[in-house]
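All remarks here apply to the structure that follows.
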Amino acid sequence: MPDSPQTSPSAPCPAPPPAAAGAGPWPDLWPAPHATGPVEGTVELPGSKSLTNRWLVLAALASGPCTLHGVLRSRDTDLMRTALTALGAGFSDGADGALHITPLPVGEPLPAPVEVDCGLAGTVMRFLPLVAALRPGTVRLDGDPGARVRPMGATVEALRSLGVQVTEEGEPGRLPLTLAVPEGLSVLPDDGPRLLELDASESSQFLSAALLSACAHPGGLTIRHTGAAVPSPEHVGMTLAALREVGVDASAVDERTFTVPGVRPHPFTMTVEPDLSNAGPFLAAAAVTGGTVRVPRWPAQTTQIGERWRRILPAFGAQVCLTPDAEDPTHGILQVRGGRDADGDPVVCGAGEVPDTAELAPTVAALALLAEGPTQLTRIGHLRGHETDRLAALTAEAARFGVHVSQGADRLDFPGSGAAGDLTPAEARTYHDHRMATFAAVVGLAVPGTTVRDVGTTAKTMPDFPAMWEALVRGEET
Ligand SMILES: O=C(O)C1=C[C@@H](OP(=O)(O)O)[C@@H](O)[C@H](O)C1
Ligand SMILES: C=C(OP(=O)(O)O)C(=O)O
């Protein structure tokens, strides 16, 4: 893998939006706060990464200007904005925190070649190429060194079957990719809607990408997944629901076939839900310290996988309750109270088998590491293609804390350490993975002397994480 991005004759990237707040600087070795008592507090979470990047794409493909409230400002979402700007969408920040978006001109040739920096963002590297296929021209996509090992084969497959010429500069099915999009791709074929076949078994994002962009093909697309089970199916559900919310009647014909009409999203105004996956470490802080953490604005109905915390945390011995907001029945306050023994000391039970935790897995792993009994995280093999190989990373970091985790092809078995006091303090590595940083922060609550290398990697989806975490442990409201 090359050390530095290759040069290309493409136009430079457009100026990025103003930097996301809270990006540090943090010391390279961050002393993770140790909780000397129960953590108590209320945490106001920023917007969801997955929803922000879907609404940004749908607004860029809409039939008129759109407005978003509560968008997440982070590395992944800023990269999405920059990339959509390069493809011709317009973004302006309103004084009230709103983001106004003008759509990109689908079908019109790009005035110059475009260069897209995907960073390490799966949503950018998978969603953007299919959006790029909607304007004739040349688009080159690359990212961080870690992005060049993430699976991209299904994107290449989908683009080629749509008629885009794709050059793989490095390994086949990996970034960097250069796309040559011919004229007329976004014109209705004579024989009706196109059939797009792709294998999304390595990431649900391949399917979401096809679904999101399909609405801008005049005849729509019929999309068929050809491989083994699609991981993170909640995220496909989120994509279908988001399309429907903006007037695109996307539907599942069967388990592997989807139809999306060639109807552009109507102009919309949307408020992004708080990020329930990033709620995880804060809720886990209550569970591992016997404390109480509340998250306001918890949606009563949501497509986010983080909704699962309401089932996962009780398996570790915590009590979870959602109190409806009297003034706004669409939201409530989620409260998690950690388990305690007769002496008032925290108790984290082993949870047994916890399947399909997908992007929640690193936080669940922190709970499993601190639990008294065994926990098995199963059906998480595709996490080897996330920001890092998360099964390998979690096994290595658990070992640093003195716990032997057994690693299978698609599972991790945690023995149950009996008590956090048995764990040894460690300098935790993060592998450029925001969720490995938050994993280490949760463990550090119970293991004094824990330090985290490159906690700033949390800027990928939550630039304010270290400050919010320190404030919560100090007992300040965030
Ligand atoms: O579409 C999305 O927003 C996401 C889909 C999931 O990807 P995988 O299917 O690759 O797990 C998830 O893990 C990722 O954090 C976000
Ligand atoms: C897997 C994740 O991100 P990405 O969108 O980069 O795939 C994640 O946030 O846990």
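Values quoted throughout were computed directly from the atomic coordinates according to the rules given, and no laboratory measurement underlies them. Just so it is clear, the model here is predicted, and its values are computed rather than measured. We place every Cβ from the backbone using ideal geometry, glycine too, and count neighbours over all the protein chains shown.
Laid out as a table, the results:
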read-out: Positive-pole candidate from Pro103, Val131, Val166, dipole of region 49-261, charges at beta carbon; value: Pro103
read-out: Gyration tensor (Cα) of region 49-261, equivalent ellipsoid semi-axes in angstrom; value: 22, 20, 18
read-out: Point-charge dipole on Cβ atoms (K/R +1, D/E -1) for region 49-261, about Cα centre, debye to 20; value: 220 debye
read-out: Inter-site label distance for Asp345 and Ala326 at 7 Å from Cα along Cβ, in nm; value: 4.1 nm
read-out: Bridge type composition, region 323-418 - antiparallel percent by DSSP, nearest 5; value: 75 percent
read-out: Antiparallel DSSP beta bridges within the chain, as percent of all bridges there, nearest 5; value: 70 percent
read-out: For region 217-236 and region 366-444, distance of Cα centres in Å; value: 31 Å
read-out: Magnitude of the charge dipole, the chain, Cβ model with Lys/Arg +1 and Asp/Glu -1, debye to 20; value: 340 debye
read-out: Rounded FRET efficiency, nearest 0.05, which uses the C-beta distance separating Thr102 from Ala467 and R0 of 35 Å; value: 0.55
read-out: Helix-derived mean residue ellipticity, 222 nm - over the chain, DSSP H n ≥ 4, -39500 (n - 2.57), to 500; value: -8500 deg cm²/dmol
